[in-house]
Amino acid sequence: MFSILRKPTLSLRKPVLVRLLGFLILYLAVFFVIILIQFQKNGEFTTAIGSLTVHSYHLEEEGRTKTVMLHNGKEAFLLDGNTSLSFGGVDINLFGADFCMMLPSDEKLYLRPEYMLEEENRLVFSLQPAKDTDNPEANQEQTLLSFAVAEYQTGPELRISCTSSKVFSRMEIPIKLQQSSHVEQSGNYFSIVTPDKLSYRIEQHFIDNEKMALILDSDETRIVFGVEKETTESGFAKYDASAVWTLNRYQHAIGDWEASAYQNWNLAVPTSLDEKLIAGYLAESVSKIGLSKAIENISPDFILNRRDRTYLSTVYLGALPAGRDSLVAEETAREARLNFLVQQGSTDIFLERNILQYFSIRGSYDEINLIAAIAENLDADSVPLSLVPGILECMLDWPNFAHPEVGKYENPFSNLYTGCLDTITQFSYLNEDTDLLLIMTDDRANTEFNIRLGLVLQNIADQMGDAEWSAIGRAFVVCALEMANTDASLPAEIDLLADGERIEANESAGSLPSSLVAEYFHDKYYPRFYGMPGPAAGMYLWSGAELVKADYNEDTLTVSMEFPVGDTHYMIFVNVPPFQTIRIYNMNYRSDPQFERYDTSGWVYTPQSRTLLVKMKQRSDIESISLIF
């Protein structure tokens, strides 16, 4: 009986000991976790740019992340600790004894990231020596390592590039295969196959198999590592664009749109008070029906309301003082805004149309050089789509609008050309069955962007003798114009329908008035700015006549303008230094504040604003005005 009672007693003690031991282990585990949390390094972060993930540590001071303001106005994060990146089944480590540069002397310079700049589609690391060096200049030299991500339909691509003021033979960047990834070899390539069966390809000479490191030689522009794209380099290899988008088709499309626009303007101007529309109508009418007849068609209310007219219509209708005041006010505001962008090193300067032409006309060559410097800091392998038209315009305009002593040298925008084409390829939507070709993001096209890009792409491709890219530029323009409404306006945005073959206007985005679109296809009598030579830089002219030439010789500026005989046009000269006299029709002309009232030419100069207002009645095809300083 007693033996029977003892067995339960012994069996009850065993669980108590097990439980006590379990609680002890649990308490110890909690204790160690608390200790680890207390001593964990502050500032740890993980962020992603597309398919690229970076893990590192911010440098912190009193609990706040430390940053540095770069010369281009952008803010970068200072780093403190090991930095690694993950992409395509591989960890890329920017730390340790294997992350180094080989110098020409065969000396190894070990590196560490000092700061990280995060941009729209890339990460840029500034590298510094990881240890003390005997070279006192080493810390003053700059090395930038860039990781740019491009997303294609077939998969992502990582482009690694380096710019350095140091002279080096190669850079070694240690890598490590992620779990379940493996390497396959095919021809001159290594392929890293991930668990999801994606194959990321890289050329063999970019990898040191023994050291497990990426190798970037000093003469290499970039390492390209990504899912193999099915398309060829141009992205349009199977599409004969030059056969589809012929110059004849392009010219007919523009001609048809211009005819429709002009017909609608004819119907609108008798009652319209839209100055931009009226200015476009008058510009087109100069060579079609004559300026005098066109003015007869305009709304009398617009003609009589001289005070509210601006410089847009002044070149055809007069009211020069009001035109001058509106021009000076708008130019002052625009100049301040653009100068701010340039001084800040902002890439937003490339969102502006024909920016080099703007600064060259005003003699602002220092700003042009700063714009070139902004371009040189861009990643040539990953050009943002929004900047492409502006960069191509700068590349096209550099020889003509940079300072004569600078423009004859290497074009600083040329190295971005291939990157621009890559970006265009990436965002192009092509349906070969319907010949639909537009730049689209998220199945939506910005109409004005396609026109602007198409025009400059065609011009620059023609200059380089590239018939296919020229045709692609024409396609962007024609596909946009074919969406014109009955009044010749265009939808601001175009949506791709679900079938992938048809497009329709995004009505909620509104429309582009035909007068705005016309600025891209303007006649030679459309008003514009002209730069003027003279005793001081920065003098320019606003006129609707065509400039034949402007010469400055022996203190005399002679400006020759072409305009139909019998018509009168008006000119506004800006930033004009004081002068002695003016000659018109080869005769000295006196100033008269009431000159606009008379049926002849005349002028008035305002020293306070340094503006010269001129009325020119055209007696011959080409008339000249001379300023004697």
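Summed over the stretch 240-268, the residues that are farther than 20 Å from residue 484 by Cα and surrounded by 21 or more Cβ atoms within 10 Å (Cβ to Cβ) give a count of 1. Within the stretch 436-464, the set of residues being over 26 Å from residue 513 (Cα atoms) and either open to solvent by 50 Å² or more (accessible area, probe 1.4 Å) or modelled with pLDDT under 90 (or both) comprises 462, 463, 464.
Where strands (runs of 3 or more DSSP E) sit wholly within the stretch 70-174, those with at least 1 residues that are more than 30 Å from residue 340 (Cα to Cα), modelled with pLDDT of 85 or more and aromatic (Phe, Trp, Tyr) occupy 84-87, 108-118. Against the criterion of being touching a helix residue (DSSP H, G or I) at 6+ places or on another chain (Cβ under 7 Å), free of Cβ contacts under 8 Å to residues at least 24 places away in the same chain, open to solvent by 60 Å² or more (accessible area, probe 1.4 Å) and within 25 Å of residue 251 (Cα to Cα), residue 487 does not qualify. Looking only at the stretch 96-111, decide whether some residue is open to solvent by 50 Å² or more (accessible area, probe 1.4 Å) and within 30 Å of the chain's Cα centre (by Cα). No, there is no match, as no residue in the stretch 96-111 is open to solvent by 50 Å² or more (accessible area, probe 1.4 Å) and within 30 Å of the chain's Cα centre (by Cα).
Considering only the stretch 581-596, I want to know if a residue exists there that is in a helix (DSSP H, G or I) and surrounded by fewer than 21 Cβ atoms within 10 Å (Cβ to Cβ). Yes, the stretch 581-596 has at least one match. Looking at 322, 380, 373, 333, just one residue is under 17 Å from the mean Cα position of the chain (by Cα) and either assigned to a helix (DSSP H, G or I) or among the hydroxyl-bearing types (Ser, Thr, Tyr) (or both), and that residue is 373. Any residue in the stretch 552-580 that is of a type in the set (Gly, Ala, Ser) sitting within a Cβ distance under 6 Å of a residue that is outside any loop (DSSP other than H, G, I, E, B)? List the pairs, counting only those 6 or more apart or interchain. As it stands, the answer is 560/548; 560/549; 560/622; 560/624, since those pairs meet every condition given. For the stretch 428-468, a residue qualifies if it is under 23 Å from residue 352 (Cβ atoms), outside any helix (DSSP H, G or I) and of a type in the set (Val, Ile, Thr), and the qualifying residues are 439, 441.
Can you pull out every residue in the stretch 28-69 that is of a type in the set (A, V, I, L, M), in a strand (DSSP E or B) and modelled with pLDDT of 85 or more?
If the condition is that a residue be of a type in the set (A, V, I, L, M), in a strand (DSSP E or B) and modelled with pLDDT of 85 or more, then 48, 49, 52, 54, 68 are the ones that fit.
Enumerate the pairs (first residue in the stretch 322-340 and under 16 Å from residue 275 (Cα atoms); second residue anywhere and loosely packed, with under 15 Cβ neighbours inside 10 Å) with beta-carbon separation below 6 Å, excluding pairs fewer than 6 apart on the same chain, so at least 6 apart or on different chains. Pairs found: 322/307.
Listed by first and then second residue, the pairs with beta-carbon distance under 8 Å, at least 6 apart or on different chains, first residue in the stretch 79-92 and farther than 15 Å from residue 224 by Cα and open to solvent by 40 Å² or more (accessible area, probe 1.4 Å), second outside any strand (DSSP E or B) and hydrophobic (A, V, I, L, M, F, W, C), are 80/59; 82/94; 82/95.
Taking the condition in contact (Cβ under 8 Å) with a residue 12 or more places away in the chain, open to solvent by less than 60 Å² (accessible area, probe 1.4 Å) and in contact with a strand residue (DSSP E or B) (Cβ under 6 Å, 6 or more places away or on another chain), does residue 318 pass? Considered against the rule, which asks whether it is in contact (Cβ under 8 Å) with a residue 12 or more places away in the chain, open to solvent by less than 60 Å² (accessible area, probe 1.4 Å) and in contact with a strand residue (DSSP E or B) (Cβ under 6 Å, 6 or more places away or on another chain), residue 318 comes out as yes.
Strands (runs of 3 or more DSSP E) fully within the stretch 185-301 that include at least 1 residues being at pLDDT 90 or above and more than 30 Å from residue 469 (Cα to Cα): 213-217. Taken over the stretch 533-579, residues that are under 30 Å from the mean Cα position of the chain (by Cα), buried (at least 22 other Cβ atoms within 10 Å of the Cβ) and part of a loop (DSSP other than H, G, I, E, B) amount to 2. Among the residues of the stretch 383-396, none qualifies, meaning not one is over 13 Å from the mean Cα position of the chain (by Cα) and open to solvent by less than 30 Å² (accessible area, probe 1.4 Å).
Scanning the stretch 523-532 for residues that are part of a loop (DSSP other than H, G, I, E, B), open to solvent by 30 Å² or more (accessible area, probe 1.4 Å) and in contact with a strand residue (DSSP E or B) (Cβ under 8 Å, 6 or more places away or on another chain) gives a single hit, 524. The residues of the stretch 206-224 that are surrounded by 11 or more Cβ atoms within 10 Å (Cβ to Cβ) and not aliphatic (A, V, I, L, M), listed by number, are 206, 208, 211, 217, 218, 220, 221, 222. Within the stretch 620-628, can one find any residue that is under 39 Å from the mean Cα position of the chain (by Cα) and buried (at least 19 other Cβ atoms within 10 Å of the Cβ)? No - not one qualifying residue is present in the stretch 620-628.
The values are calculated or read from the model by the stated rules, or taken from the named source; none is laboratory data. Here the structure is a predicted model, which means the values were calculated and not measured. For neighbour counting, all protein chains shown are included, and Cβ atoms are generated from backbone atoms with ideal geometry for every residue, glycine included. Ligands, DNA and RNA are stripped out before the accessible areas are found, and what is left, the full protein with its side chains, is counted by its heavy atoms. Shrake-Rupley method; radii C 1.70, N 1.55, O 1.52, S 1.80 Å.
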